[in-house]
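Accompanying notes for the structure given below.
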Amino acid sequence: MCLLEQIKHLHDNGLHSNLITLGSLVLTVAENQPENSLLPAARYQTLVYVGRSLHSQGEFRRAEATFKEALQYAKATAKTKIAKTSDMFKEGLTEIDVKYAMAECNMSVRQYTQALTLLESIPQRHRTPKVNMKLGHLYQQGGMERPAITAYKEVLKECPLALEAVQELLSLGVRGAEVASLMINIPGSCAATEWLSLWVKGHAYLHNRDYPNAINSFRQLEENSALSRNVDILATLGESYYLAGDSKNALTMLQRAHSVNHLNLRGSDLLASLLASDKRSRELEDLAMLTTSVSDTAPQPWITMGYYCQFSKKTTKAIYFAHKACSINPRCVEGLLLKGTLLLELKKLQEAVMHFREAMQIAPHRFEPHKGLVDCYLAMHRSREAVTIASNACKLLGQTPRALTLYASVLIKDTLTVSKGKSLLEKALKEDPYHLPAVYLLCELYEQDMRYEAAIELLRKQVAVQSTSRLHQMLADFFSRVHDEEKAAHHFGIALSHEPSNPRALEGMQKMEAAPDTVEPPPYMEVEEDIADSEGEVEESDLEAVWSDVDFSFGGQ
């Protein structure tokens, strides 16, 4: 067996470190004694095999240099007519294969422009589906939508079931019917894929922001087809609920997806966000522990760690993890949102604005970047910009309860526009009678107007169908206002049973206990005195110990 066959044998058996050592020796001999060693074709192929092994070992820059040397050698050899390129460019070792491998090396070290230039140098008629798919990603990342659409369409012409290409086309605004027409050339009858049209329709609705129909389509797939308990369908359903603003159902579906396969990272970043919002520290810690054990090269584990550290009041660590997620994927919306939120907490307002604007540019249909910008501008006392952002959110996202409430939250801060803000809150509650942010703001307005009975009526309707610490605390406050101490004590107790560290509920209960002739709360409502002292404290866990040696220095994103 000749040297080239031995090198190929090592490559085929995955012995990459062995191949790198042997290849280095063989290539040095070929350079010093060209007449007594490898033939030109064998030398070229050895260079390619060494490059592949270097890539597999994570030595991307060295691999790229080796691939480049291989192509230069092939061209030089062809010019001198020492060997034919057809002899060198065997299947899997062609110029296109080598350029693609070089582009992968470029992308691994975040040299996206070089990768794009390299792939564009491949003539269109010679571009394979994987080349077009990579081009689509690079064009999309660079904001070049038209060439991205063309590249993804080329993928579907040869591979009509390339479902990621389908999703990307829909996300770029291509109509569902047009995308479906590109998928009709499926070989054979494919009778077992009757669910496919509904899958495409669901994603078309999702990317067209028609969330009710998207949810309906994916629910049909999950409940009434052979795709029951499919982790991707469950995660997509959870994302659809999340984008529609239905946090409760989003949490349920994302938890189901995670329970079906905890090694699947999709949706885990959104799940972490929801768990943090609900203050479920133990579940959030478990999620962070699981995701970080799966991978450290995807953004989701870093985001889950970021939310856990945010909840644990470890803001510097949280920013580091969010920054890490963004460095892995510069278009990571969840990472940008988390980092923007953390910077806002630290009063680094200009930096927070930058991150929220970048997130909005990538995903203008998302509610969170709009809210983040509004919060930043209000903190900067730039009310006019806040009003503009909130008004544009209503135009862009539609008259949804969340958008209306966001706009109202800005208007009610000005006495000249408070009545308009109140009207928007009432409109939001007509759309969704149980949209809590609108309920809270409207009750605050009722309190300012001393309309205590109206507030009590609204809050009673809410607690009849949903129970939160803040709802009961507000209801207790209003009962105190109308001197109904018994009901006030009752609802303060429920508020504290939901959230023992609720400061306003604690304060209200203490005031009632200190006041004469008040009704003593039942024993189950008693709160230990040390609860207030432990507010916000989370003990360092085993999970944090894993990351204790991480260097938390980072640059601006």
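The values are calculated or read from the model by the stated rules, or taken from the named source; none is laboratory data. This is a predicted model, so every value here is computed, not measured. Note: ideal-geometry Cβ built from the backbone for every residue, glycine included; neighbour counts use all protein chains shown. Heads up: the accessible areas ignore ligands, DNA and RNA and are worked out on the full protein's heavy atoms, side chains in. Shrake-Rupley method; radii C 1.70, N 1.55, O 1.52, S 1.80 Å.
Observations on the model:
- Overall form of region 1-144 per C-alpha gyration tensor (a/c, 1.5; a/b vs b/c): prolate
- Distance between the C-alpha centres of region 485-505 and region 310-330: 34 Å, rounded to the whole angstrom.
- Hits among lysines - C-alpha to C-alpha of Lys430 under 24 Å, sequence gap 8 or more where chains match: Lys248, Lys371, Lys395, Lys413, Lys420, Lys422, Lys461
- Protection-proxy order for peptides 71-78, 408-415, each taking the mean of Cβ atoms within 10 Å per residue, highest first: 408-415, 71-78
- In terms of overall dimensions, the chain has a Cα radius of gyration and Dmax of 29.7, 107 angstrom.
- Relative to the longest principal axis of the Cα atoms of the chain, the long axis of helix 196-207 makes an angle of roughly 60 degrees.
- Partners for Lys511 among lysines (Cα-Cα distance below 20 Å; same-chain residues under 8 apart left out): Lys487
- Ellipticity at 222 nm from helices only: DSSP H runs of n ≥ 4 in the chain, each -39500 (n - 2.57), divided by the residue count, give -22000 deg cm²/dmol.
- With 5 Å bins beginning at zero, the pair-distance distribution over Cα atoms of region 146-263 amounts to 2, 12, 20, 21, 19, 14, 8, 2, 0 %.
- Per residue, the solvent-accessible area of the chain (1.4 Å probe, heavy atoms of protein chains only, all protein chains present) comes to 51 Å².
- Global geometry of region 1-71, whether rounded, prolate or oblate, following the gyration tensor of its Cα atoms and the 1.5 cut on a/c: oblate
- Heavy-atom accessible surface of the chain: percent carbon and sulfur, 1.4 Å: 50 percent
- Area of His126 that stays accessible when all protein chains are in place (1.4 Å probe, Å², to 10): 80 Å²
- For region 259-364, Kirkwood radius (reciprocal of mean inverse C-alpha pair distance, Å): 13.5 Å
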